1. Cysteines without a disulfide-compatible partner in the chain, using Cβ under 4.7 Å as the rule?
2. Number of Lys pairs in the chain with C-alpha atoms less than 25 angstrom apart, excluding same-chain neighbours closer than eight positions?
3. Arg35 label point, 7 Å along Cα→Cβ, cut-off 20 Å on backbone N: hits in the range 88-125?
4. Which value at 222 nm does the chain reach when only helices count, each DSSP H run of 4 or more adding -39,500 (n - 2.57), with the total divided by all residues and rounded to the nearest 500 deg cm²/dmol?
5. Which one of Pro53, Thr95, Thr8 has its Cα pushed farthest toward the positive end of the charge dipole of the chain, where Lys and Arg give +1 and Asp and Glu give -1 at the Cβ?
6. Calculate how many DSSP beta bridges within the range 2-260 are antiparallel, expressed in % of all such bridges and rounded to the nearest 5.
7. Would you mind working out the magnitude of the charge dipole of the chain relative to its Cα centre, with +1 at each Lys and Arg C-beta and -1 at each Asp and Glu C-beta, to the nearest 20 Debye?
8. Can you list, largest first and rounded to whole Å, the semi-axes you get for the range 112-216 by taking the square root of 5 times each eigenvalue of its Cα gyration tensor?
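No lab work stands behind these numbers, since they all come straight from the coordinates. This structure is a prediction, so every number in the text was calculated from the model and none was measured. When we count neighbours, we look across all protein chains shown, and the Cβ atoms used for this are built from the backbone with ideal geometry, even at glycine.
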Amino acid sequence: MTTFNRKTCMTIAAISDIHSNVFALDAVLGDIKKRGVDQIVNLGDILYGPIAPRATYELLMAHRDDIVTIRGNQDRQIYEALHLSTMAEIADNPTMDFIVKDLPKDAIEWMRALPFDCHLSEDVYLCHGTPTDDMVYLLEDIATGVPTVRSDSNIFSLLNGIDSPVIVCGHTHIPRTVTLSSGQMVINSGSVGYPAYEDDLPVVHKMQTYSPHASYALITCIETPQGKRWQTEHIKVAYNHKAAAKLALNNGREDWAFALNSGRVL
């Protein structure tokens with residue numbers, strides 16, 4: 001686990017699930033720049049997608065000194081595919097084939113070196129899925145195929161002892177803030193670059209935001225005589241989603257193009 005010695009009261013811009021959408025990332029970084037934040041955090045699932053992996057990586061490298069980054073499950077899946085699969089096997093997945101051909105070697109090594117999670121400060125903890133599993137949704141139960149917020153006790157169980165006042169996660173692409181009975185605040189920043197998807201694990205389910213906007217979260221600490229208070233603002237940023245959808249369509253992903261244009265699953 002990575003730990004940073006940051007000041008404890010700060011304003012954080014949390015981004016996640018960029019999924020190779022350089023158009024959305026550029027717009028979000030531009031919006032963040034106007035807001036005077038102290039720290040940007042990136043919660044993973046960065047370069048997997050049929051849009052622009054290399055360009056997304058290059059834009060992030062231009063800002064690498066300003067962003068604390070952890071890895072997501074699909075970052076891991078990219079470098080694991082290169083390690084565990086033959087190129088013929090990768091070619092059977094056209095999207096993965098496009099990604100590994102588009103990315104330079106240093107992008108793969110960068111993803112491989114990213115930490116699983118991070119204590120940004122004594123108050124703020126970062127993970128992609130849960131503190132123990134990058135494939136599990138921390139806030140949503142999808143057993144019925146429709147996401148519903150987990151019970152207080154279920155979320156506590158998944159936190160596995162993490163007692164930070166602020167927990168920031170991604171993975172589900174659904175912007176959400178949940179306050180637990182302990183007073184802890186769990187924030188999902190939503191997805192910068194991919195506003196809807198369907199998955200069949202562990203059961204078939206759909207995650208939809210019903211809007212093409214890029215999502216991120218602004219998390220602000222406020223000093224009061226009674227102590228620190230944290231507040232969250234979920235930001236929706238308009239960008240050229242049609243350009244992103246066109247590239248996805250050019251790479252054979254009609255499902256991605258539809259999601260990018262509508263925030264819905266095809």
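1. Cys118, Cys127, Cys169
2. 15
3. 120-121, 123-125
4. Details: 9 runs with 84 residues, N = 266.
My calculation for the chain gives -9000 deg cm²/dmol from helical runs alone.
5. Thr8
6. 65 percent
7. Value, rounded to 20: 760 debye.
8. Numbers: eigenvalues 93, 52, 37 Å².
After scaling each eigenvalue by five and taking roots: 22, 16, 14 Å.
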